[in-house]
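Here the structure is laid out as structure tokens; the discussion comes afterwards.
The values are calculated or read from the model by the stated rules, or taken from the named source; none is laboratory data. Predicted, not measured: the structure shown is a model, and the values here were computed from it. Glycine also receives a Cβ, built like all others from the backbone with ideal geometry; neighbour counts cover every protein chain displayed.
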Amino acid sequence: MTLQEKLNQDIKESMKGGDSFRLGVLRMVNSALQNKKIEKGKDGVLTEEEVLQVLTKEAKKRKESVLAFEAGGRPELAENEKKELAIIEAYLPAQMSREDVAKEVERILSGITDKSKFGLVMKEVMKELKGKADAGMVTELIKEKLA
């Protein structure tokens, strides 16, 4: 079963179960996927990688909203965003731990100490860890290693 099929199945289950909050979040994600299909054009069929990109983007929006609401003194809104984030993250692959990402960065760097190579290193690391690791954490680890 593809990720998109699972999402559609879970929408149906949420409707049957009366879970309106979860249903709303899943519909929002489904809408983002539909927008991506329209953006893509002719065939409108999304690959698993494209579905993951949309889910990752939606999760990132929620994380940023949580930080903004907490900074603005609105914990009740931050809590709502955290709940939405938890639902979205259930469809994403498990994220690698900081230690595992550090090992991958170290392996890919393999002796590179020139700060001007940051872009090349980042490109290689993200190619291998796409969807498995947070880009912000990868950036931070690369900067530490090149410093």
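Any residue at all in the range 11-19 that's modelled with pLDDT of 90 or more, closer than 21 Å to Gly131 by Cα and either part of a helix (DSSP H, G or I) or not hydroxyl-bearing (Ser, Thr, Tyr) (or both)? So far as the range 11-19 goes, no, none of its residues is modelled with pLDDT of 90 or more, closer than 21 Å to Gly131 by Cα and either part of a helix (DSSP H, G or I) or not hydroxyl-bearing (Ser, Thr, Tyr) (or both).
One line per residue, one yes/no per condition, for (1) closer than 14 Å to Gln4 by Cα; (2) surrounded by 13 or more Cβ atoms within 10 Å (Cβ to Cβ):
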{"position": "Lys16", "(1), (2)": "no, no"}
{"position": "Asp19", "(1), (2)": "no, yes"}
{"position": "Leu23", "(1), (2)": "no, yes"}
{"position": "Asn35", "(1), (2)": "yes, no"}
{"position": "Leu77", "(1), (2)": "no, yes"}
{"position": "Asn80", "(1), (2)": "no, yes"}
{"position": "Ser97", "(1), (2)": "no, no"}
{"position": "Ile112", "(1), (2)": "no, yes"}
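Scanning the range 86-98 turns up no residue that is over 29 Å from Glu128 (Cα atoms) and touching a helix residue (DSSP H, G or I) at 6+ places or on another chain (Cβ under 9 Å). Is it true that Val105 is surrounded by 18 or more Cβ atoms within 10 Å (Cβ to Cβ), more than 21 Å from Glu49 (Cβ to Cβ), at pLDDT below 95 and not basic (Lys, Arg)? It is true that Val105 is surrounded by 18 or more Cβ atoms within 10 Å (Cβ to Cβ), more than 21 Å from Glu49 (Cβ to Cβ), at pLDDT below 95 and not basic (Lys, Arg).
Listed here are the residues, each with its yes/no results for (1) of a type in the set (Gly, Ala, Ser); (2) within 26 Å of Met126 (Cβ to Cβ).
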site: Lys12; (1), (2): no, no
site: Met15; (1), (2): no, no
site: Gly18; (1), (2): yes, no
site: Leu26; (1), (2): no, no
site: Lys57; (1), (2): no, yes
site: Gly72; (1), (2): yes, no
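Look at the range 1-12: where a residue is assigned by TED's automatic domain parsing to the domain that holds Leu52 and a partner is among the charged types (D, E, K, R) and at pLDDT 90 or above, sitting 6+ places away or on another chain with Cβ atoms under 7 Å, you get Ile11/Arg27.
Given the criteria surrounded by fewer than 16 Cβ atoms within 10 Å (Cβ to Cβ) and among the acidic types (Asp, Glu), does Asp10 qualify?
Working: surrounded by fewer than 16 Cβ atoms within 10 Å (Cβ to Cβ): no; among the acidic types (Asp, Glu): yes.
No; evaluated as a whole, the condition is false for this residue.
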